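Asker: Below are the structure tokens for one structure; questions will follow.
Every read-out reported here was derived from the displayed coordinates using simple, explicitly stated rules and does not represent laboratory data. The model shown is predicted, which means the values in this text are computed figures rather than measured ones. We place every Cβ from the backbone using ideal geometry, glycine too, and count neighbours over all the protein chains shown.
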Amino acid sequence: MERGSSKHSARVDDQMNHEVEGMMTAERPTRAEEWKEAEPAGEDQADPGAFGTTADRQPGTPPGMTNRDVELRSDLAAALPRSLFPADESTLLAHLVDDNAPDRLRHLVRQLPTGTQYQNIGEVSEALGLHREDHRF
């Protein structure tokens, strides 16, 4: 017999699951008493989702970059380890092929100019024409 918790009995685990079941499945408040509900943001408080967002830039995206730039740079950084640098485009491409990286990353690295040594992912992404953040911290 397998149980979900070693701190409680099976009966207590079932009761705790039952208590939160409504909150997990409902898309509305589940409290019977209105005063127990969390209060919405006040009129003088800004909507956190509306500040500084555009179609290209979402919250968490550095200023000067688009979501696509961040995603591509992140994917490249995940596929190309720091230990690989400094490297030229042929070394980077060989690593991506050996590592079975996605075709879109291989295609990007094939666009790099030949004969250039790259010291890090930042230089690679800049050579690919991806935007850089305006400032950091």
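Asker: What are the extents of the Cα atoms of the stretch 62-121 along their three principal axes, listed from largest to smallest and rounded to whole Å?
Answerer: Result, largest extent first: 31, 22, 21 Å.
Asker: Enumerate the amide H contacts of Tyr118 below 5 Å, restricted to partners 5 or more residues apart or on another chain; note that Pro and chain-start residues carry no placed amide H.
Answerer: When sequence neighbours closer than 5 places are left aside, the close amide H contacts are Ala87, Asp88.
Asker: Also: Can you work out the FRET efficiency for the pair His107 and Met24, with r the C-beta to C-beta distance and R0 = 30 Å, to the nearest 0.05? Could the numbers behind the result be given before it?
Answerer: Details: r = 42 Å, r/R0 = 1.40.
For His107 and Met24, the calculated efficiency is 0.10.
Asker: How many nm separate the modelled label positions at Gln117 and Asn67, each set 7 Å beyond the Cα in the direction of the Cβ?
Answerer: With each label placed 7 Å out from Cα toward Cβ, I get 3.9 nm.
Asker: Please list 3J(HN,Hα) in residue order for the stretch 112-121, calculated via the Karplus relation 6.51 cos²θ - 1.76 cosθ + 1.60 where θ = phi - 60°; whole Hz, with x for glycine and proline.
Answerer: So the Karplus estimates, Gly and Pro as x, are 5, x, 7, x, 10, 8, 9, 8, 6, 5 Hz.
Asker: Now for a different question. Would you mind ranking Val20, Val70, Val109 so that the residue whose beta carbon has the fewest other beta carbons within 10 Å leads the list? Please list the in-between numbers first.
Answerer: Working: Val20 10, Val70 19, Val109 23.
In increasing order of surrounding Cβ atoms, one gets Val20, Val70, Val109.
Asker: Per residue of the stretch 98-105, what does 6.51 cos²θ - 1.76 cosθ + 1.60 with θ = phi - 60° give for ³J(HN,Hα)? Whole Hz please, x for Gly and Pro, Karplus curve as stated.
Answerer: Result, rounded to whole Hz: 4, 8, 6, 6, x, 4, 5, 6.
Asker: Still on this structure: Please turn the phi angles of the stretch 72-80 into ³J(HN,Hα) values with the Karplus equation 6.51 cos²θ - 1.76 cosθ + 1.60 (θ = phi - 60°), one per residue in order, whole Hz, x for glycine and proline.
Answerer: Values per residue, Gly and Pro as x: 5, 5, 5, 5, 5, 5, 6, 8, 10 Hz.
Asker: Run the simple label-point estimate for Glu43 and Arg11 please: 7 Å along Cα→C-beta, distance reported in nm.
Answerer: 5.3
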